[in-house]
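Student: The following block contains the structure, expressed as structure tokens.
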Amino acid sequence: MYDKLKEIANDQSILAFGVADTENLREHYDGLPMDQTEGLNNGISIGMAVSGAVLKGCIMGPTRHYLHNYRMTNWNLDMTAARIAAVIQDEGFRAMPIPASQIVDWEAQTAHLSHKMIALRAGLGWIGRNNLLVHPKWGSKIRISTILTDMPLKTDTPIERDCGFCKKCIDVCPVKAIKDSHKDWNKAACLVKLKYYAQNYGVGQYICGLCLKVCDSV
């Protein structure tokens, strides 16, 4: 079934696919009660690249063009997750597609769960200095989503890599929120700037795009 589900994802232009054991992550799901995810110990991680050409237009901050691309990428991820979940359920197993971009706590800026932590375990990439998932081919120009399931699936191996000597995201961050280690990323400073962009750049959403634009494969 692993190959069949991956084929479904590929048919929808999803070019990153992996499976992770998520049992010990369940207690950290911010927007999902423990009993709701009981037994859903596999997390299917899917990823789709955003347009580098669109991101190139983000000079001082996000553009409406990028906002549209961002939303359409999330939409495609959600549609694909729904299709994969339907196939799994048809096989007699449970499946829970998690929205690619839905905030459950606006102040903390947290979603139902951390897609990037599951993607990390599923071998889609590593956590970069900008505290985002970095894919070996697309860098941080990728959006990700998750399907939780109890279907027995082979799991993938995390990628043992990091950003090396690249520090482009540090240089481009307008509030210097990015440091040498993602563990030192200044979430508060980043959030203040995202709020500013949402209110003053005509996008109405907490997006930036600057560190994504400069993050290439390494």
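Student: Sort out for me the helices (runs of 4 or more DSSP H) sitting completely within region 88-205 that have 2 or more residues that are buried (at least 19 other Cβ atoms within 10 Å of the Cβ) and of a type outside the set (Lys, Arg).
Tutor: Hits in region 88-205: 115-121, 187-200.
Student: Which numbered condition trips up Arg94, out of (1) out of contact with any Leu (no Cβ under 6 Å at 6 or more places or on another chain); (2) more than 25 Å from Glu7 (Cβ to Cβ)?
Tutor: (2)
Student: For residues that are farther than 17 Å from Thr155 by Cβ and without any contact (Cβ under 8 Å) to a residue 40 or more places away in the chain, scanning just region 20-35, find the one that is farthest from the chain's Cα centre (by Cα).
Tutor: Asp35
Student: Is it true that Leu5 is surrounded by 14 or more Cβ atoms within 10 Å (Cβ to Cβ), modelled with pLDDT under 95 and farther than 16 Å from Ser114 by Cβ?
Tutor: yes
Student: Scan region 37-59 and report the pairs whose first residue is closer than 22 Å to Leu194 by Cβ and whose second residue is hydroxyl-bearing (Ser, Thr, Tyr) and crowded, with 17+ Cβ neighbours inside 10 Å, with Cβ atoms within less than 6 Å and a gap of 6+ or a chain change.
Tutor: Every condition considered, the pairs that remain are Met48/Thr73; Val50/Thr73; Val54/Tyr66; Gly57/Thr63; Cys58/Tyr66.
Student: Hey, could you check region 137-153 for residues that are charged (D, E, K, R) and under 15 Å from Leu124 (Cα atoms) and say which is nearest to the chain's Cα centre (by Cα)?
Tutor: Arg143
The values are calculated or read from the model by the stated rules, or taken from the named source; none is laboratory data. Predicted model, so just to flag it, every value in this text is computed and none were measured. FYI the Cβ positions are ideal-geometry reconstructions off the backbone, even for glycines, and counts take in every protein chain you see.
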